[in-house]
1. Of all residues in region 172-181, which are within 21 Å of LYS77 (Cα to Cα) and either small (Gly, Ala, Ser) or open to solvent by less than 30 Å² (accessible area, probe 1.4 Å) (or both)?
2. Please tell me if TRP151 is in a helix (DSSP H, G or I), under 24 Å from PHE48 (Cα atoms) and touching a residue at least 24 places away in the same chain (Cβ under 8 Å).
3. Is it true that some residue in region 105-112 is within 29 Å of GLY51 (Cβ to Cβ), modelled with pLDDT under 85 and of a type in the set (Val, Ile, Thr)?
4. Name every residue in region 99-156 that is open to solvent by 70 Å² or more (accessible area, probe 1.4 Å), farther than 27 Å from SER179 by Cβ and not charged (D, E, K, R), in order of residue number.
5. If TYR95 satisfies all but one of (1) among the hydroxyl-bearing types (Ser, Thr, Tyr); (2) modelled with pLDDT of 85 or more; (3) open to solvent by 30 Å² or more (accessible area, probe 1.4 Å), what's the number of the condition it fails?
6. Could you grab the pairs with beta carbons closer than 7 Å, sequence gap of 6+ or different chains, first residue in region 130-145 and free of Cβ contacts under 8 Å to residues at least 40 places away in the same chain, second one open to solvent by less than 40 Å² (accessible area, probe 1.4 Å) and part of a helix (DSSP H, G or I)?
7. Quick one: in region 61-83, of everything that is among the polar types (S, T, N, Q) and touching a Gly at 6+ places or on another chain (Cβ under 7 Å), which residue is modelled with the lowest pLDDT?
8. So, GLU72, is that one out of contact with any helix residue (DSSP H, G or I) (no Cβ under 8 Å at 6 or more places or on another chain) and in contact (Cβ under 8 Å) with a residue 40 or more places away in the chain or not?
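The values are calculated or read from the model by the stated rules, or taken from the named source; none is laboratory data. No experiment lies behind these values; they were computed from the predicted model shown. Cβ placement follows ideal geometry from the backbone for every residue including glycine, while neighbour counts extend to all protein chains displayed. When the accessible area is computed, the model is the full protein with side chains, heavy atoms only, and any ligands, DNA or RNA have been set aside. Shrake-Rupley method; radii C 1.70, N 1.55, O 1.52, S 1.80 Å.
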Amino acid sequence: CNSPSFLNCPNLKVIELVYVEDYETDENGKVTYTQTSQAHIATFNGSFFAGTGIEYFYTSSPEIIFGGHDFENSIIKVVVLDAADITMFGEGDGYGIFSNAKELKEVWIAGGEDGLYFSEDVFITLDHDINFYFTEYTYDEVVDMVGDSAWFTSASEYAHFYFKDNMPAGVEWPEELKSVA
């Protein structure tokens, strides 16, 4: 999806990322999904969740791509990305994906075994503390996968990175990732 698909929809609380294989429509036109499967790719670019009322976002899509101002001015509190291929890039204007997401406290990054990429401006303009948890890799392993540490060295002082070898004791893992903990 390109463009601000849900821009400034404060009443939007849930987005379900599934591939609809079959559905039924009743006499009133209400659609019911009768068969779904996991979405194979989730691509967001622009201001996809900007200004929404979504507080918790989880996806286990095999591939996920974020870019631009995706969570700007949203009330999102927790983002959980459980994907084999994760890409995050800023817009090139100094803004990262999480700019002005004032309620965001935690971003969980699980997976990445098929690819992990962050542009240098993804974590650059944070103005409040956000914890980024990499559940399956050490810092050195992430840098090896990303290929460049600029995303880390140019990150805001408010970005706190934790890796599998330095997870804080007692941190509450998201329900979807507790089997990994």
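1. PRO174, LEU177, ALA181
2. Details: in a helix (DSSP H, G or I): yes; under 24 Å from PHE48 (Cα atoms): yes; touching a residue at least 24 places away in the same chain (Cβ under 8 Å): yes.
Here the answer is yes, as TRP151 does meet what is asked.
3. no
4. PHE152, THR153, listed by residue number.
5. For TYR95, the failing item is (2).
6. PHE134/VAL142
7. Checking each candidate, the answer is ASN73.
8. For GLU72, the condition - out of contact with any helix residue (DSSP H, G or I) (no Cβ under 8 Å at 6 or more places or on another chain) and in contact (Cβ under 8 Å) with a residue 40 or more places away in the chain - is not met.
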